[in-house]
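Asks: The structure under discussion is supplied below as structure tokens; questions concerning it will follow.
Coordinate-derived values only; no laboratory data. Keep in mind that what you see is a predicted model, and the values were worked out from it rather than measured. Reconstructed Cβ throughout: ideal geometry from the backbone, glycine too, with neighbour counts over all protein chains shown.
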Amino acid sequence: MIKEFQIKGLEKLVNSSAIKDIYPMVDRIIIRDDNYETGRGNKLISVDIFLNDENITKENMYDREFDPHYLIDYHIKSYFPYFNLKKIVMDFIVWGPDGNIVYSFSN
């Protein structure tokens with residue numbers, strides 16, 4: 001089971017300038033433990049990525065240097081050892097500033 005302080009600590013870290021300097025179009029990131037375990041024993045975490053740029057769409061996000069998969073798989077997962085998080089899979093939704101979904105991914 002993932003502890004509340006692990007999720008809150010991870011969320012605080014990914015909302016720091018460490019991520020925002022790389023992805024200035026990210027307004028904030030919210031991380032939730034869905035308290036769900038996959039068939040392989042992995043735990044599921046959901047991530048909501050809120051953008052501050054209304055010009056980013058599913059079609060042009062990579063052209064605008066926003067790669068949500070790399071953000072999740074490289075940047076966010078790089079903090080897992082600090083919180084002793086293991087066997088985690090993540091689903092995510094990218095939200096535009098207007099509240100509409102720009103992109104989503106489910107494991």
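Asks: Quick one: what are the phi-derived ³J(HN,Hα) couplings along the stretch 41-46, Karplus 6.51/-1.76/1.60 with θ = phi - 60°, whole Hz, x for glycine and proline?
Replies: x, 7, 9, 9, 10, 9
Asks: Taking the simple approach of a point 7 Å from Cα along Cα-to-Cβ for both residue 17 and residue 4, what is their distance in nm?
Replies: It works out to 3.1 nm between the two label points.
Asks: Same structure again: Between residue 28 and residue 89, how high is the FRET efficiency from 1/(1 + (r/R0)^6) when r is the Cβ-Cβ distance and R₀ = 35 Å? Nearest 0.05. If you can, show how the numbers build up before the last one.
Replies: Values: r = 22 Å, r/R0 = 0.63.
Calculated value: 0.95.
Asks: Then there's this: Can you give me the long-range amide H partners of residue 56? Hydrogens built in the peptide plane at 1.01 Å from N, cutoff under 5 Å, separation of 5 or more residues or another chain.
Replies: none
Asks: What 222 nm value per residue comes from the helices of the chain, counting each DSSP H run with n ≥ 4 as -39,500 (n - 2.57) and dividing by all residues, nearest 500 deg cm²/dmol? Don't jump to the answer; show the numbers that get you there.
Replies: On the way: 2 runs with 15 residues, N = 107.
The per-residue figure over the chain is -3500 deg cm²/dmol.
Asks: In terms of modelled amide H atoms, which long-range or inter-chain residues lie less than 5 Å from the amide H of residue 103?
Replies: 94
Asks: Next up: Are there trypsin sites (Lys or Arg not before Pro) in the stretch 1-55 that DSSP marks as loop and that have at most 11 other Cβ atoms within 10 Å, and which are they?
Replies: Filter output for the stretch 1-55: 40.
Asks: How far apart, in nanometres, would the label points at residue 42 and residue 101 be if each is projected 7 angstrom from Cα along the Cα-to-Cβ direction?
Replies: 1.9
Asks: Let me ask something additional. Please list, in order along the stretch 95-107, the HN-Hα scalar couplings obtained from phi with the Karplus expression 6.51 cos²θ - 1.76 cosθ + 1.60 (θ = phi - 60°), rounded to whole Hz, x for Gly and Pro.
Replies: Karplus values, whole Hz, x for Gly and Pro: 10, x, x, 8, x, 8, 6, 8, 6, 9, 9, 10, 6.
Asks: Here's something else I'd like to know. Exactly which GluC sites (Glu not before Pro) in the stretch 16-107 are in a DSSP loop and have at most 13 other Cβ atoms within 10 Å?
Replies: Here the GluC sites (Glu not before Pro) that fit, given the DSSP loop and packing criteria, are 54, 59, 65.
Asks: Then there's this: If you plug each phi of the stretch 21-27 into the Karplus form 6.51 cos²θ - 1.76 cosθ + 1.60 with θ = phi - 60°, what whole-Hz ³J(HN,Hα) values come out, in order, with x for Gly and Pro?
Replies: Per-residue couplings from phi come out as 5, 7, 10, x, 7, 8, 7 Hz.
Asks: Still on this model: Specify the angular offset, from 0 to 90 degrees and rounded to the nearest 10, of the alpha carbon long axis of helix 4-14 from the longest principal axis of the alpha carbons in the chain.
Replies: Orientation of helix 4-14: about 30 degrees from the principal axis.
Asks: Any chance you could list P(r) for the chain, counting all Cα-Cα pairs in 5 angstrom bins from zero, rounded to whole %?
Replies: All Cα pairs, binned at 5 Å, distribute as 2, 12, 25, 25, 18, 11, 6, 1 percent.
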